[in-house]
Amino acid sequence: DLSNVDLAMRAAVQAGIINPLIAPRNITGDVTADLRLSGPPTPQGLSGTVTLGNLRFSSPQDNLAVTGGNATLRLAGGRAEVTGSGSLRGGGEIGLAGSVTYSGAPIASLAVDLNRARFLAPNLYDATLSGQITIDGPLGGGATIGGALIVKEAEILVGKASFSEKALVENVKAF
């Protein structure tokens with residue numbers, strides 16, 4: 001009879017185990033879990049902590065890499081409390097805090113903090129941002145994405161175009 005269970009699990013794995021699922025993105029680092037499933041075998045019965053350390057995440061198509069990442073997920077009652085931080089390859093820091101329900105439809109209340117975070121797309125832009133982006137609501141659709149970002153520095157590269165200098169100046173003045 002599996003109507004009630006009392007299971008405990010401790011595990012340590014490498015984060016790279018999920019790389020086939022997120023390719024061409026890549027993640028490395030240590031993941032440890034200390035979990036318990038108690039009572040009816042439902043998401044609400046799952047509790048414990050998952051810790052991620054020494055993380056490095058890269059997304060080549062987005063020209064993004066996070067190093068020195070750490071995160072903690074505390075699970076209880078169908079809800080995960082999340083905290084995390086890391087350094088961006090181009091400079092600056094990124095942080096994550098909030099919660100996500102994992103029982104039923106996932107609902108989030110998350111904040112991503114940027115501190116002098118540098119984003120670079122060669123031959124297009126180079127920008128340093130600070131601020132916060134929030135995600136609140138159902139992740140399957142209808143969540144609100146908000147926040148405020150301060151552009152500390154920005155360089156936007158404009159390539160050669162086939163219009164005249166005079167037309168460009170007139171359009172800028174009209175704006």
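Based on C-alpha pairs under 8 angstrom that are at least 6 apart in sequence, the chain has a relative contact order of 12 percent.
Heavy-atom accessible surface of Ile17, to the nearest 10 Å², is about 120 Å², with a 1.4 Å probe and all protein chains retained. Net charge of the neighbourhood of Leu96, taken over other residues with C-beta under 13 Å away and scored Lys/Arg +1, Asp/Glu -1, is -3. Here the dipole of the chain is about 240 debye; that uses its Cα centre as origin and unit charges on the Cβ of Lys and Arg (positive) and Asp and Glu (negative). Between 0 and 90 degrees, the angle of helix 165-174 with respect to the longest Cα principal axis of the chain falls at about 60 degrees.
In the chain, the DSSP-assigned H stretches of four residues or longer account for a calculated mean residue ellipticity at 222 nm of -2000 deg cm²/dmol, using -39500 (n - 2.57) per stretch and the full residue count as denominator. Hey, if you put +1 on the Cβ of every Lys and Arg and -1 on every Asp and Glu Cβ in the chain, which of Ile17, Ser38, Leu73 ends up farthest toward the positive end of that dipole? Going by the Cα projections, it comes out as Ile17.
Largest accessible area first, the listed residues Ile27, Ile150 line up as Ile150, Ile27 when surface is computed with a 1.4 Å probe on the assembled protein chains. With R₀ set to 25 Å, the beta-carbon distance separating Gln14 from Thr49 gives a calculated FRET efficiency near 0.90.
The values are calculated or read from the model by the stated rules, or taken from the named source; none is laboratory data. Given the structure is predicted, the values throughout are model-derived calculations rather than measurements. Neighbour counts run over all protein chains shown; Cβ positions are idealised from the backbone, glycine included. These accessible areas exclude ligands, DNA and RNA; they are computed on the full protein's heavy atoms, side chains included. Shrake-Rupley method; radii C 1.70, N 1.55, O 1.52, S 1.80 Å.
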